[in-house]
Amino acid sequence: MRFGFPRWTRKQDPSARAAKERLQVLLAHERAGGPGPDVFPELQRDILAVIKRHMKIDDDAVDIQMERGEGQSSLEINIELPAARG
Amino acid sequence: MEQDRKAGKVIVVTSGKGGVGKTTSAAAIGAALAQRGHKTVVIDFDVGLRNLDMIMGVERRVVFDFINVIQGDAKLSQALIRDKRIETLSVLPTSQTRDKDALTKEGVESVLSELRESFDYIICDSPAGIERGAQLAMHFADEAVVVTNPEVSSVRDSDRVLGLLQAKTDRAEKGEAVKAQVLLTRHDQARIDTGEMMTVEDVLEILAVPLLGIVPESKAVLRASNLGMPVVLDEPSAASRAYEAAAARLDGEDLEVRLESDRPRGFMQRLFGRTA
């Protein structure tokens, strides 16, 4: 039971706080310009080109994953190398 | 579930009017179908104003999008984001930076036919309006869920959209029908009881299409969007039960449409056995 307190002293619903935090992280990335729409396709092409100079790999052997965080973001690049023959 | 021979079904979630709950409904129905064990993907067609990623909580993981795939800059498998909560659920986000002209009919068709090969259900989350984006979202649909609020402008727009579904889609051009059903959202029984809000029967009488479900106005919907959680994956609520039932009906189950409520039934209601 709660009485005698004005509205603003009430605790914010935790889900509202989660919404604000998610928006802050996302909009910080978006407003910073973030990587433009062509960054990832170009990055992928460049990575493929570099690796192809040294070994034979498929065009779809590159898998790029991203996790945008509050303090830092991580970019995970997986390259599937051809199985050794023999 | 045999997946090899079956071609996936494309279902568009549309409405004409904005803000009636399309994205919430697409996310909830997609997640509910995935929970039923079907491989399901939800696609955002709202190019330039992407929001499905936020509603489904994958916004931090978008690398490639629908437009990158259409333009040949990424493979479909690279753009699909697997949900971390349900194995059978994926999201195909759209681009935040391009405009609607980046979508082409041929591009949409080829992405959808590729998805049909590996998914059981492909849910297209349409942008508001009846322009290009909305028409492309519905163009290759086998079925449509028309999200409607019991309110005059929403019902009118739904009627427009129902007309387009039977005139401007691929199926319509081939002389086949798109199976369209109404999903009534933001339903408020208290306001219906006082005569302030049109009843379900009123809306159905006007639109003359079958009812897929009734989603009551529920606090759970805002909570789920705050958390980035399709409403059916959050704690049980009237809204989650309503979406689960709607998904079951889409999936071919013969379930009677019930009016779910977040409030426990009152003494008088129990006494007189009222259910709705």
With B:22, B:84, B:39 as the choices, which residue is surrounded by fewer than 24 Cβ atoms within 10 Å (Cβ to Cβ), charged (D, E, K, R) and within 22 Å of residue B:179 (Cα to Cα)? B:39
Scanning region B:88-100 for residues that are surrounded by fewer than 20 Cβ atoms within 10 Å (Cβ to Cβ) and out of contact with any helix residue (DSSP H, G or I) (no Cβ under 8 Å at 6 or more places or on another chain) gives B:97, B:99
Determine whether region B:102-116 contains at least one residue that is part of a helix (DSSP H, G or I), at pLDDT 95 or above and of a type in the set (Val, Ile, Thr). yes
Select from region B:170-205 the residues that are out of contact with any helix residue (DSSP H, G or I) (no Cβ under 8 Å at 6 or more places or on another chain) and assigned to a loop (DSSP other than H, G, I, E, B) and write down the one among them that is nearest to residue B:25 (Cα to Cα). B:188
Every residue from region B:101-116 that is within 21 Å of the chain's Cα centre (by Cα), more than 18 Å from residue B:169 (Cα to Cα) and surrounded by fewer than 18 Cβ atoms within 10 Å (Cβ to Cβ): B:114
Consider region A:53-68. How many of its residues are surrounded by fewer than 13 Cβ atoms within 10 Å (Cβ to Cβ) and touching a helix residue (DSSP H, G or I) at 6+ places or on another chain (Cβ under 7 Å)? 2
Please state which one of B:163, B:213 is in contact with a strand residue (DSSP E or B) (Cβ under 8 Å, 6 or more places away or on another chain) and closer than 21 Å to residue B:19 by Cα. B:213
Name the helices (runs of 4 or more DSSP H) wholly inside region B:1-97 in which the number of residues that are within 14 Å of chain A (Cβ to nearest Cβ) is 3 or more. B:52-55, B:66-70, B:76-79
Among the residues of region B:60-80, the number that are among the acidic types (Asp, Glu) and either surrounded by fewer than 24 Cβ atoms within 10 Å (Cβ to Cβ) or out of contact with any helix residue (DSSP H, G or I) (no Cβ under 8 Å at 6 or more places or on another chain) (or both) is 1
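The values are calculated or read from the model by the stated rules, or taken from the named source; none is laboratory data. Just so it is clear, the model here is predicted, and its values are computed rather than measured. Methodologically, a virtual Cβ is constructed for each residue, glycine included, from the backbone with ideal geometry; neighbour enumeration extends over all protein chains shown.
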